[in-house]
1. Would you point out the residue of segment 21-48, among those that are part of a loop (DSSP other than H, G, I, E, B) and in contact with a Phe, Trp or Tyr (Cβ under 8 Å, 6 or more places away or on another chain), that is nearest to A127 (Cα to Cα)?
2. Report every pair of residues separated by at least 6 positions or lying on different chains whose Cβ atoms are under 9 Å apart, first residue within segment 131-160 and among the polar types (S, T, N, Q) and modelled with pLDDT of 95 or more, second away from the ligand (no atom under 14 Å from the Cβ) and in a loop (DSSP other than H, G, I, E, B).
Amino acid sequence: MRASFPDFRLGSVLATSFTGTLSERHGDAVERIPTPQRFVDWLAVYGLVVDSCTTTQLDLARELRESIHAAATAAAVQEALPAPAVHVINNRSAQGRAAAILTPDGKRQWQLSSTSCVEDALSVIAADAISIISGERDGKLALCASPTCQAAFFDTSRSRTRKWCDMNTCGNRQKKARFTANHRKKP
Ligand SMILES: [Zn+2]
């Protein structure tokens, strides 16, 4: 029997979707890539296809994830980027050999140097993080308004006023909490 694992929270931005594989960081944290295979599954969703992942590679992935989280959080509140986090992101970015390939029907595909090279996939994620933290991409880094979440997310809304990392989870929960609080006030 296959164990059941927490669902993924999939966003459209690779780097912040990746940091979202650990959610509720300021509450009861949920690890959404608890095993190497679960990370393989997550990568596949984003077109980064590897056929295996070792525990060492998963450790590298988590180290990158926490580094992106730290740097993106600092960028969102306009603080100096933590040097150790920048170091990890740069290392991972530099140590991969992934190539972007244009398919005949005009789509982008990632080609990794080998299907066991999780490091190549991590370099793609690191480069994505660099593109949002550097302000190169259209959008703004912000922190989720949910007190138990506070995840860094990339706001691409026109007004740049998004409050939650994810409308279906954090946004909904906040709305429900407010609704319940309002009803309790009434006799
Ligand atoms: Zn959130």
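1. L48
2. S131/R137
The values are calculated or read from the model by the stated rules, or taken from the named source; none is laboratory data. These numbers were taken from a predicted model, which means no experiment stands behind them. Cβ coordinates were reconstructed from backbone atoms using ideal geometry, including for glycine residues, and neighbour counts include every protein chain displayed.
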